[in-house]
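The values are calculated or read from the model by the stated rules, or taken from the named source; none is laboratory data. Predicted model only: the values in this text are computed from it and were never measured. Using ideal geometry, Cβ is built from the backbone for each residue, glycine included, and neighbour counts are taken over all protein chains shown.
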Ligand code: F3S
């Protein structure tokens, strides 16, 4: 492989961030030689902690990286939303660091309810969640983390406007973080514990994703928007089709899309389970950087792309696009010219129907023909382009004397976009038409919608939204509300029609004077003619250097926040005297272990949220839900017995069946059992992410070598480990068994397997990953 001469000194001509990227990229090229790379690979591999180690281990000498290599990555920054930031920051605080080693931000968006309109809702949201916002703001000040107050905007929109930079890699504590891929920024959604690892400077691990290419040709027609591209793709791929893949868009059609349109497409890559999604840099990316007052970033991109390269022919320059001839694991071709508007739902984002077939489908499926509300905006679709296209429709309808026939709600993605739309008259157009502008927050998108209309639970009703998710109950908590996802333009047309079977491309509405009105094709502007406004000063970013004199605001009597104590380290011996708390049968998902819904309020209070631990698990011995028996035979709920045992100093384990911990990456599902005294989980198999999460919190996940041994262990049995301590001190090498003492005094020896790596053995011995990382940082 070639090593460029005088590289380090010449690269210093680049801004520091790109100098780092470029240096790593050169190393990637040195290791991989002339291999053609996709854009996602270029950016991702250029963030490796140790390029050679990651790219050459398990990979047939670098030729078979995807799906095989364990990438240890150094992200450039971390973005957190208010719900998940609480536990992330509480964990970060246990590390005793003066500030994170990489920049980070907090965005207060999830906790604000949509009810009457922006001002009223924001005031009451701030009152109700005051202690959480105070905590987040004070932590931001103490540790020098950017703090975006409630009303400043929704995380993904704010990140796109301020932090996304082509070539960066970010982690976000929200599944729609990949939104920033619209500006060629690799952004991956993670749980709080992963975010904290990055904040303390530990490399973040990811199995090298496969790359799914989507080749775009043609150009969108009048009524079609980037949203329709991802709605269509979701139908093709289904909700699991993108799992363990990065979706990378390429081809001539890419150049016809706006930057915010590309962000919409990347945002909803989460709906097909993709690790993240990415677009190359286009002219639109530069226009967006300039309109968001980041001319320098635009110049930096151009400088990097013009910078003389490593001397290898195909990468003489770093281009924000895939190498010519780069191979994708799969390619899907989409001709934008042939795309039509789509409607996805209800209840799942991959049930995709072209608009021209939607009326027929509604009638066949007997979905409601009457619409009950239309909602546009959110982190997914509140761009200047989206809103001005809708504005053109609203104005035309207004001139014809028409108003929306049902509630019409608009959620701006940020104060910047809202104030710009206000300046340019768009907000006034919406309000004159009777639209309700909600606060710049998640609101109805995440169940924070107090509906003021008369929709009854138990009676199916239909809403159209331009959001990204439509699981049952997600918007108004009503399981009978069918949410159909569509572009803001189609949602608006349906809201004026008050019907789910309307097709604005072919159908007409009756005006008050009896004439037929057909919507003209929507027309908007990609961005404002003068740069974006920054909006109200009271909603502006609070950004400052770390200040160790600030104390983090947590009231000792708070029900929603509680400081975390670091978990104690593993004893210097095997574990003895554990008891089986409960033996579980059937599915045990992360929802079973830590339920969501009303419990979300306690996300920052580990003792309080622990009261839901395993509360929907089924007791294998009695068939009861949420029942466990103490040694004296008394019956308790599972969390109550765990709490009693914790108080008595009795450590415990749980025995379960297959795929324990399937579902989400919810860290509370590992934190809560650990807090209550779990040392081991023994089951027939684990869901991979949860198994890793357990180890990070110091709980040892063990699988039964013989599945039939499940029958040998009962609730209340006493358990000691044999060989576990030795395995841990040997960096994960060695056999482990469980010595199970039955109530009648009989003993059985149960062989178990583990998947504990050297790093993870260190986490468990230290008590948790954070214990170890904070020790290393001191
Ligand atoms: Fe918020 Fe909904 Fe987006 S919850 S972050 S607006 S997906």
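Considering each residue of the stretch 213-235 in turn, at least one proves to be over 19 Å from the mean Cα position of the chain (by Cα) and within 22 Å of residue 69 (Cα to Cα).
Determine whether the stretch 665-677 contains at least one residue that is surrounded by fewer than 19 Cβ atoms within 10 Å (Cβ to Cβ) and at negative phi. Looking through the stretch 665-677, none of the residues is surrounded by fewer than 19 Cβ atoms within 10 Å (Cβ to Cβ) and at negative phi. Restrict the check to the stretch 425-437 and report whether at least one residue is under 23 Å from the mean Cα position of the chain (by Cα) and buried (at least 21 other Cβ atoms within 10 Å of the Cβ). No: zero hits.
Residues checked against (1) part of a helix (DSSP H, G or I); (2) closer than 13 Å to residue 410 by Cβ; (3) in contact (Cβ under 8 Å) with a residue 24 or more places away in the chain:
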position	(1), (2), (3)
356	yes, no, yes
360	yes, no, no
367	no, no, yes
372	no, no, yes
375	no, yes, yes
379	no, no, yes
386	yes, yes, yes
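Here's a check for you: in the stretch 742-777, which residue that is in contact with a strand residue (DSSP E or B) (Cβ under 9 Å, 6 or more places away or on another chain) and in a helix (DSSP H, G or I) is surrounded by the fewest Cβ atoms within 10 Å (Cβ to Cβ)? Looking at residues that are in contact with a strand residue (DSSP E or B) (Cβ under 9 Å, 6 or more places away or on another chain) and in a helix (DSSP H, G or I), I get 759.
Tell me, which residue of the stretch 423-437 that is touching a residue at least 60 places away in the same chain (Cβ under 8 Å) and more than 16 Å from the ligand (Cβ to nearest atom) is farthest from residue 541 (Cα to Cα)? Restricting to residues being touching a residue at least 60 places away in the same chain (Cβ under 8 Å) and more than 16 Å from the ligand (Cβ to nearest atom), the top hit is 436. What about residue 183, is it within 21 Å of residue 297 (Cα to Cα) and within 16 Å of the ligand (Cβ to nearest atom)? Criteria not met by residue 183.
Consider residue 440 carefully, then state whether it is touching a strand residue (DSSP E or B) at 6+ places or on another chain (Cβ under 6 Å), outside any loop (DSSP other than H, G, I, E, B), at pLDDT 95 or above and within 16 Å of the ligand (Cβ to nearest atom). Answer is no for this residue.
Taken over the stretch 481-501, the criterion of being in a loop (DSSP other than H, G, I, E, B), more than 21 Å from residue 271 (Cα to Cα) and touching a strand residue (DSSP E or B) at 6+ places or on another chain (Cβ under 8 Å) is satisfied by 498, 500. In the set 488, 520, only one residue is within 16 Å of the ligand (Cβ to nearest atom) and in contact (Cβ under 8 Å) with a residue 12 or more places away in the chain; that residue is 488.
Tallying residues that are on the phi < 0 side of the Ramachandran plot and over 31 Å from the mean Cα position of the chain (by Cα) within the stretch 728-778 yields 22.
Within the stretch 453-461, identify whether any single residue is at pLDDT below 95, surrounded by fewer than 24 Cβ atoms within 10 Å (Cβ to Cβ) and within 16 Å of the ligand (Cβ to nearest atom), and answer yes or no. No, every residue in the stretch 453-461 fails to be at pLDDT below 95, surrounded by fewer than 24 Cβ atoms within 10 Å (Cβ to Cβ) and within 16 Å of the ligand (Cβ to nearest atom).
Only one of the numbered conditions (1) surrounded by 23 or more Cβ atoms within 10 Å (Cβ to Cβ); (2) away from the ligand (no atom under 16 Å from the Cβ); (3) in a loop (DSSP other than H, G, I, E, B) is violated by residue 112, and that is (2).
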